[in-house]
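These notes are about the structure you will find just below.
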Amino acid sequence: MKRIIAAGAALALLLPAAATLAQQPAKGKDAPPKAAATTPAAGAASTGKTVYPQGQFDLLLKERLAQGQAQDTPALRNAIREELNTRELLAREARRQGLDKTPDMKTQIDLAGQTVLVRAYVADWIQKNPVPESELKSEYEKIKSQIGDKEYKVRHVLVEKEDEAKEVIAELQKGAKFEDLAKARSKDPGSKDKGGDLDWNAPASFVKPFGDAMMKTPKGKFTPQPVQTQFGWHVILVEDERPAKVPSFDEVKPQLQQRLQAQWLDKYFKDLRSKAGV
């Protein structure tokens, strides 16, 4: 059965981290361009001249180190140096053949430059517009209230028609095992083979009619009447209940920041489009 995600149990919501593309100028005394281009990067193995601007090396090294998958070693610096030399030589060959002058290539270059600029702007906007702590706590309390103070361990049988659900209830009243009926009759592929087992969940994890019926059913009992949702008709067995395990504010704060920041960005994008009449 398709369920509404419990906000407190799964708050990993989507905002890819904006790439930080701040570039620091190389330090040191000014040198003629030719001399700078033929000086190997510090710490790199000296295997010949360089044909790229030093700023490209500095930026690429910074990005590789920021990824946390590499350390600043002579081997890394030499690998970056060889990569940039190769890229620059290939780019020169491409320009020599006039590939940079074709309409499609000009468009691709423009789009690539635009992507870098947009990422930098979004990162700067996020830094200048952090979500206030008060809003994060307010969102946390809202989610916490939706979760409630109890969790329930339930099973269910999902069928297409009300009459089928009533037949399941009648068989249960005659002593049939819930697990057996779920395996034989349930239409829910996610729980059917497990005897209808949905494990522990808060009511807010499910669509409202299901969650409401779950809360009203005593522990150890099944719903006396079929429960209708957009997925069909359910017979629900409440096997057990316990106090809800709600994560603390500090535990979910990073996910809340991502969630609300994504909402803020979405609103900002819509405002930009509206002002531009698009």
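Please compute the contact order of the range 167-236 in relative form: average sequence separation of alpha-carbon pairs under 8 Å and at least six residues apart, divided by the residue count, as a percent. Numbers along the way, then the final one.
Numbers: 62 pairs, mean separation 15.9, N = 70.
It comes to 23 percent, rounded to a whole number.
For D188, the residues whose amide H sits under 5 Å from its own are L158, ignoring neighbours fewer than 5 places away on the same chain, with H placed 1.01 Å from N.
Once you have the Cα-Cα distance between T73 and T86, take 0.36 nm times their residue separation minus that, and quote the gain in nm to one decimal. Display every interim value, and only then the final one.
On the way: separation 13, 0.36 × 13 = 4.68 nm, distance 2.02 nm.
The T73-T86 span can extend by a further 2.7 nm.
Multiplying the residue separation of V51 and L99 by 0.36 nm and removing their Cα-Cα distance gives an extension gain of 15.3 nm.
Label-to-label distance, K208 versus A262, with points set 7 angstrom from Cα along the beta-carbon direction: 2.4 nm. Spin-label model, D149 to W125: label points 7 Å out along the Cα-to-beta-carbon direction sit 4.3 nm apart. Within the assembled protein chains, the solvent-accessible surface assigned to R77 is about 40 Å², based on a 1.4 Å probe.
Modelled label positions at D193 and F269, each set 7 Å beyond Cα in the direction of Cβ, lie 3.8 nm from each other. If the chain linking K166 and L65 were pulled fully straight, counting 0.36 nm for each residue of separation and taking away their Cα-Cα distance, it would gain 30.0 nm. Listed cross-link partners K153/K187; K150/K270; K150/K194; K194/K253; K161/K216 are compared with a 30 Å cut-off, the Cα-Cα value being larger for K150/K270; K194/K253.
The values are calculated or read from the model by the stated rules, or taken from the named source; none is laboratory data. Please read all numbers here as calculations on a predicted model, not as lab measurements. Counting neighbours? That spans all protein chains shown, and the Cβs are built from the backbone with ideal geometry, glycine included. We work out accessible area using only protein heavy atoms, side chains counted, and drop any ligands, DNA or RNA first. Shrake-Rupley method; radii C 1.70, N 1.55, O 1.52, S 1.80 Å.
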